[in-house]
Amino acid sequence: IYTVPLGRVWMWRRNRASRAMRLLRDFITRHMKAEEVIIGNDVNEEIYRQGMQKPPRRIRVKAEKDSEGKVTVSLAKRGVETNE
C-alpha cells in the first residue's frame, strides 16, 4: 500500500489529471521495479472525480505484483490497515 504524492502536477494549469496518471505510473514503476503497470478503473475514476483540472493532492493505492513482473494498481480501502 502506497500513498502517492501528486502535488507536483499542480505546477501546470492544463491536463493535470493526465499528468497525475503519468506520475502515478512512474511512481509505481520506480518503487515496485515493474515491467508493466496496469491501473484499475477505480483509481482512474478517483483521479478524474473532480475533473481534469483538479486531481487529488495524494492518493492511497494498493499495488500487487505477479510472477511475470506485471503490477496491478487498485484503490486502497479507507480505514483498513494491513501489515502485508
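The values are calculated or read from the model by the stated rules, or taken from the named source; none is laboratory data. Quick caveat: nothing in here was measured; it's all calculated off a predicted structure. Here the Cβ positions follow ideal geometry from the backbone for every residue, glycine too, while neighbour counts run over all protein chains shown. Quick note on the areas: whole protein, heavy atoms, side chains included, nothing else; ligands and nucleic acids left out. Shrake-Rupley method; radii C 1.70, N 1.55, O 1.52, S 1.80 Å.
Each residue in the range 30-50 was checked for being in contact (Cβ under 8 Å) with a residue 12 or more places away in the chain and part of a helix (DSSP H, G or I), and 7 pass.
So is E35 loosely packed, with under 12 Cβ neighbours inside 10 Å, in contact with a strand residue (DSSP E or B) (Cβ under 9 Å, 6 or more places away or on another chain) and not hydroxyl-bearing (S, T, Y) or not?
So E35 fits the description; yes.
Looking only at the range 56-77, decide whether some residue is in a helix (DSSP H, G or I), touching a helix residue (DSSP H, G or I) at 6+ places or on another chain (Cβ under 8 Å) and of a type outside the set (G, A, S).
No, there is no match, as no residue in the range 56-77 is in a helix (DSSP H, G or I), touching a helix residue (DSSP H, G or I) at 6+ places or on another chain (Cβ under 8 Å) and of a type outside the set (G, A, S).
Regarding the range 19-27, can at least one residue be identified that is surrounded by fewer than 17 Cβ atoms within 10 Å (Cβ to Cβ) and either touching a residue at least 60 places away in the same chain (Cβ under 8 Å) or assigned to a loop (DSSP other than H, G, I, E, B) (or both)? No, that holds for no residue.
Within this structure, K65 fails the test of being open to solvent by 70 Å² or more (accessible area, probe 1.4 Å) and out of contact with any strand residue (DSSP E or B) (no Cβ under 8 Å at 6 or more places or on another chain).
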